[in-house]
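J.: Quick one: this structure, given as structure tokens, is what I'll be asking you about.
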Amino acid sequence: MNIRPATRNDAQACADILRGWMNENDWYDTPHPAEEDIDFITSLIVGGWTSVLVSDGKVAGFLVQEKSALKCLYLGAEYRGKGFGKALLDHAKNSHPPGLELWTFQQNIGAQRFYLREGFREVERTDGSGNEENLPDIRYVWRMFDEP
């Protein structure tokens, strides 16, 4: 397992992982057609915010981090529940040790369990009116030196 900065050559693999997640969740109605996925991912890669986790020569997952804001963390379905997500999250924590924050959809129960298990605390819930998908969401924070 290797985590490295993403390159343009990783855009298709990351877009496939993202679209796969979208298709798995019937509660998620994507606001963009699949044809726009590569351009979206490429813009994140060019911005220098994207890292990929590679296993056996294949992109297993990716994260997008802008300073303390964790914008995306997605894994291919076959890599979930095997420590790959924790590896990406640990990479993000080590990249910005004072703390991180992120948003996840209220319907994404698996993500909520994962982030809580990894030391994040819920600090805010919204009705979704502030996000593009109009889905209720939750803001989580992690601080390296939080009291238990």
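Read-outs throughout are calculated quantities, based only on the coordinates presented, and are distinct from any laboratory measurement. Computed from a predicted model, the values in this text were never measured in an experiment. Heads up, the Cβs are rebuilt from the backbone with ideal geometry, glycines too, and the neighbour counts pull from every protein chain shown.
J.: With point charges of +1 on the Cβ of Lys and Arg and -1 on the Cβ of Asp and Glu, referenced to the Cα centre of the stretch 2-143, which listed residue (Gln112, Phe84, Gly61) lies farthest in the positive direction of the dipole?
T.: In the stretch 2-143, that residue is Phe84.
J.: Report the number of Lys pairs in the stretch 2-143 whose alpha-carbons are under 16 Å apart, with separation of 8 or more residues or on distinct chains.
T.: Working: Lys58/Lys82; Lys67/Lys93; Lys71/Lys86; Lys71/Lys93.
Lysine pairs meeting the criterion: 4.
J.: I've got another one for you. Please list, ordered by chain and number, the residues whose modelled amide H lies under 5 Å from the amide H of Ala60; skip anything fewer than 5 residues away on the same chain.
T.: For Ala60, whose amide H was placed from the backbone, the distant partners under 5 Å are Leu53, Val54, Ser55.
J.: Based on Cβ point charges of +1 for Lys and Arg and -1 for Asp and Glu, what charge dipole magnitude is obtained for the chain about its Cα centre, in debye rounded to the nearest 20?
T.: It comes to approximately 700 debye.
J.: For the chain, state what percent of all Cα-Cα pairs lands in each successive 5 Å bin, counting from 0 Å until the bin that includes the largest distance.
T.: 2, 9, 19, 22, 23, 17, 7, 1, 0
J.: Give a quick list of trypsin sites (Lys or Arg not before Pro) in the stretch 64-142 that DSSP marks as loop, anything other than H, G, I, E or B, with at most 16 other Cβ atoms within 10 Å.
T.: Lys67, Arg80, Lys82
J.: Turning to a different aspect of this structure: Would you calculate, for the chain, the mean residue ellipticity at 222 nm contributed by helices, counting each DSSP H stretch of 4 or more residues as -39,500 (n - 2.57) and dividing by all residues, to the nearest 500?
T.: -9500 deg cm²/dmol, from helical runs alone.
J.: Quick one: order Thr126, Thr50, Thr7 by neighbouring beta-carbon count within 10 Å, fewest to most.
T.: Thr7, Thr126, Thr50
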